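The values are calculated or read from the model by the stated rules, or taken from the named source; none is laboratory data. Bear in mind that the values here come from a model prediction, so they are computed numbers and not experimental data. Using ideal geometry, Cβ is built from the backbone for each residue, glycine included, and neighbour counts are taken over all protein chains shown.
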Amino acid sequence: MLRQYELVERVKAYAPDADEAMLNRAYVYTVQKHGSQKRASGDPYFSHPVEVAGLMTELKLDVDTIITALLHDTVEDTLATIEEVERLFGPDVARLVDGVTKLSKIEAMSEKERAAENLRKFLLAMSEDLRVLLVKLADRLHNMRTLHYIKSEEKRRRIAKETMEIYAPLAERVGMYEYMREMQLLAFEQLEPAAYATITGRLAQLRSQDSGQVDAIALAISQALSGAGMQVKVWGREKHPYSIWKKMAERHVNFDQITDIMAFRVLVGSDADCYRAIGLLHTTWQAIPGRFKDYISTPKVNGYKSLHTSLIYENSMRMEVQIRTWDMHETNEYGLAAHWSYKQGGVVPDGQVGWLRDLIEIVDASHDAEELLENTKMAIYQDRIFAFTPKGALFQLPKGATTVDFAYAVHSDLGSMAVGAKINGRHMPLRTTLANGDVVEVIKSRNASPQLSWLGFAVTGKARAEIRRAVRSKERGELAAIGRKLFEEIAGRLPSKVGKKATADAVKRLGFKSEEELMAAIGTAKLDDRQVMEALVPGSAKNLPAPDQWPKQERAISIKGLTAGMAFQLAQCCHPVPGDRIVGLRKPGVGVEVHSIACDALISGADHDWVDLSWGERSAGAIGRLRCVLYNRPGTLAEVTGIFAANMANIVQIQMISRDDLFGTYEVDLEARDLAHLTRIISSLRASDAVAQADRL
Ligand code: MN
């Protein structure tokens with residue numbers, strides 16, 4: 001642990017005129033307030049805020065931030081009060097400590113309570129002063145570093161999941177890549193221990209075979225550039241296990257197919273040298289088409305600047321190269337934090353508050369925690385393009401954004417009334433993907449309203465959240481009407497007539513706030529007939545079959561977009577699971593056949609009516625079909641079934657398709673919760689030594 005004088009010395013080293021007495025007072029204050037409290041590691045509790053303050057000195061942050069780090073847990077966990085902090089350390093520190101305390105309170109809530117409303121407060125607390133976020137990120141990083149001391153596996157996993165889903169993306173969003181990488185790595189180790197072990201093991205194996213190749217390549221790059229008179233520093237590094245894992249999952253490849261495990265950084269003196277260097281490298285080695293990215297002329301939204309390219313070395317090895325100046329390098333690794341460094345004095349860079357406001361808007365329009373997460377994730381990642389209104393106003397959108405995203409970016413009302421667009425003067429449909437520099441004039445109509453099918457091409461979190469909201473409110477009205485019809489039908493089965501009083505009692509008994517709510521719940525099949533009858537006349541549903549005797553699949557799956565009472569079945573050709581985009585084919589006598597949007601059956605079924613469908617909120621547990629190619633040696637099949645078991649996936653059927661000296665090919669039908677579950681299983685399979693290939697059919 002950092003001692004008091006060491007901490008003060010560190011601050012004085014970059015901030016010679018810092019208020020030493022105040023720093024000392026803050027150190028003593030946190031030690032006194034936390035007193036004999038202990039960490040899970042057995043260390044005194046105050047070692048934690050001191051380490052967090054230490055992390056903040058590495059970023060050379062201003063004294064207020066260092067003091068906030070020291071005090072960040074006092075108000076939440078000790079008898080200290082904000083008033084006392086203000087009296088002793090001034091209003092600025094008090095405000096910052098208050099912000100961090102608010103975040104901790106939200107963190108302590110259960111996942112359910114934390115949902116939309118609280119994430120909103122969370123973002124608001126940060127948006128008042130982004131230094132609150134910096135302290136929070138350092139706090140989380142230190143907690144992750146000491147996570148292994150926590151005994152409960154469930155708690156470790158919860159913290160790791162939260163880090164992966166909220167804090168690492170926030171660190172990325174503000175450009176603090178060092179923090180992001182370390183958080184992801186520590187969380188990955190916790191969440192996917194088997195994959196972590198496999199990948200780190202394989203990397204160690206590669207390293208032992210490599211014998212100086214990395215240094216040799218770094219030297220070759222360095223010589224190629226210094227030969228042309230440039231001052232350069234080059235070093236190679238292995239990609240970290242989590243980014244390899246992510247690549248495996250995204251590109252659907254296994255470990256052996258990830259060819260660019262090595263990445264090289266080249267630091268040069270000036271912007272011009274960056275471009276000279278890339279020119280030289282591209283003439284020395286072959287560049288892989290499509291991999292060159294210029295983040296200097298178009299920086300990432302978080303301010304990241306660099307040139308990226310991938311080269312083929314000695315006709316065999318692919319390697320990634322990043323070229324940047326020393327200045328860019330510093331900003332790239334520490335992002336937003338660089339703007340509060342002591343010398344810069346707290347100038348918030350352009351656009352660094354705007355994105356928080358965007359996030360808050362998304363939170364406001366989101367329906368539940370899961371949807372929120374999906375929407376915000378999309379807002380946080382992704383490269384950008386730029387498009388203009390006819391009057392020349394500039395809008396930044398993620399790559400792949402369509403006209404509908406643009407319309408929503410300009411204004412929510414414009415989005416909801418959009419019917420088409422003129423792009424660069426030509427009429428184009430709403431689904432058109434925009435290119436950099438497009439001038440977009442949205443055509444609107446008062447009678448138009450957002451369509452569910454727009455979700456098929458809208459990519460921004462904002463547009464998706466707004467479309468869902470609009471569709472949902474329209475749907476709610478329709479569902480309540482359907483629900484009322486069903487309700488009347490159910491009530492008709494009862495021997496006595498159901499009046500206003502009985503209905504009002506049923507609403508109360510079932511815990512709804514209004515009759516409208518009850519009708520909507522019936523319309524969405526959240527309540528079954530039995531529950532409604534029981535609520536109206538207790539004891540009346542005795543002779544109906546119990547829900548657990550109903551066919552299993554129809555209970556677990558609900559589908560939106562069907563007329564109430566319409567029969568459906570999940571197609572056997574493509575085995576859609578919740579999370580897949582789906583479409584229905586209306587077939588006479590069969591009802592609606594639900595296919596995944598990519599299914600070939602949709603082409604041959606083009607003469608049937610298409611029905612726009614989506615999965616109901618609580619859908620879970622469909623059967624997915626995988627094809628796995630295993631190495632033909634003893635024990636591989638057992639290893640694979642072990643992977644299914646570890647992922648809690650039930651095997652429904654397993655069938656050998658073919659087998660030769662090298663490989664055995666199997667088709668496996670699995671009960672998976674949803675698409676995310678199935679994807680995780682496939683990724684785990686691909687990480688295994690036993691598996692040559694794993695795909696969905
Ligand atoms: Mn803390």
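Residues in region 436-479 that are crowded, with 20+ Cβ neighbours inside 10 Å and out of contact with any strand residue (DSSP E or B) (no Cβ under 8 Å at 6 or more places or on another chain): PRO450, TRP454, GLY461, LYS462, ALA463, ARG464, ALA465, GLU466, ILE467, ARG468, VAL471, LEU479. Residues that are modelled with pLDDT under 85 number at least 3 in the following helices (runs of 4 or more DSSP H) confined to region 358-436: 369-380. Evaluate the following for SER208: is it part of a helix (DSSP H, G or I) and surrounded by 17 or more Cβ atoms within 10 Å (Cβ to Cβ)? When the stated conditions are applied, SER208 does not pass them. The residue that is modelled with the lowest pLDDT, counting only those in region 501-560 that are of a type in the set (Gly, Ala, Ser) and in a helix (DSSP H, G or I), is ALA556.
Taking VAL100, is it modelled with pLDDT under 90, within 11 Å of the ligand (Cβ to nearest atom) and surrounded by 19 or more Cβ atoms within 10 Å (Cβ to Cβ)? Yes, satisfied.
What do you reckon, is LYS12 in the same structural domain as ALA69 (by TED's automatic domain parsing) and away from the ligand (no atom under 16 Å from the Cβ)?
Considered against the rule, which asks whether it is in the same structural domain as ALA69 (by TED's automatic domain parsing) and away from the ligand (no atom under 16 Å from the Cβ), LYS12 comes out as yes.
Going by the conditions given, is ASP689 assigned by TED's automatic domain parsing to the domain that holds HIS575, among the acidic types (Asp, Glu) and surrounded by fewer than 18 Cβ atoms within 10 Å (Cβ to Cβ)? So ASP689 fails the test.
Residue-wise test of (1) touching a Ser or Thr at 6+ places or on another chain (Cβ under 8 Å); (2) within 20 Å of ALA194 (Cα to Cα); (3) part of a loop (DSSP other than H, G, I, E, B); (4) not hydroxyl-bearing (Ser, Thr, Tyr).
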{"position": "LEU637", "(1), (2), (3), (4)": "no, yes, no, yes"}
{"position": "MET656", "(1), (2), (3), (4)": "yes, no, no, yes"}
{"position": "ASP661", "(1), (2), (3), (4)": "no, no, yes, yes"}
{"position": "VAL668", "(1), (2), (3), (4)": "no, no, no, yes"}
{"position": "GLU671", "(1), (2), (3), (4)": "no, no, no, yes"}
{"position": "ALA676", "(1), (2), (3), (4)": "no, yes, no, yes"}
{"position": "SER683", "(1), (2), (3), (4)": "no, yes, no, no"}
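Restricting to region 52-89, and then to whatever is without any contact (Cβ under 8 Å) to a residue 12 or more places away in the chain and more than 20 Å from PRO16 (Cβ to Cβ), can you tell me which residue is farthest from the ligand (Cβ to nearest atom)? Taking the candidates together, the pick is ARG87. The set of residues from region 64-96 being within 17 Å of HIS142 (Cβ to Cβ) and aliphatic (A, V, I, L, M) comprises ILE66, ILE67, ALA69, LEU70, LEU71.
Of all the strands (runs of 3 or more DSSP E) wholly in region 566-635, which have at least 2 residues that are under 24 Å from TYR666 (Cα atoms) and in the same structural domain as THR665 (by TED's automatic domain parsing)?
Working: elements: 568-570, 582-587, 591-596, 609-612, 622-631.
The strands (runs of 3 or more DSSP E) meeting that bar are 622-631.
Can you pull out the residues in region 658-681 that are closer than 16 Å to GLU250 by Cβ, aliphatic (A, V, I, L, M) and in contact with a helix residue (DSSP H, G or I) (Cβ under 8 Å, 6 or more places away or on another chain)?
ILE681
Of the residues PRO49, PRO44, the single one that is at negative phi and within 11 Å of the ligand (Cβ to nearest atom) is PRO49. Cβ-Cβ distances below 7 Å connect the following pairs, each with a first residue in region 126-142 that is assigned by TED's automatic domain parsing to the domain that holds LEU61, a second residue that is outside any helix (DSSP H, G or I) and within 13 Å of the ligand (Cβ to nearest atom), and a separation of six or more residues or different chains: VAL135/HIS72; ASP139/HIS72.
Only a single criterion out of (1) under 22 Å from SER226 (Cα atoms); (2) crowded, with 16+ Cβ neighbours inside 10 Å; (3) not hydrophobic (A, V, I, L, M, F, W, C) is not satisfied by TYR304, namely (1).
Residue pairs whose Cβ atoms lie under 8 Å apart, sitting 6 or more positions apart in sequence or on different chains, and linking a residue in region 639-658 that is within 13 Å of LEU626 (Cα to Cα) to a partner that is exposed (fewer than 15 other Cβ atoms within 10 Å of the Cβ) and modelled with pLDDT under 80, do not occur here. In this structure, ALA18 does satisfy being in a loop (DSSP other than H, G, I, E, B), away from the ligand (no atom under 16 Å from the Cβ) and in the same structural domain as VAL93 (by TED's automatic domain parsing).
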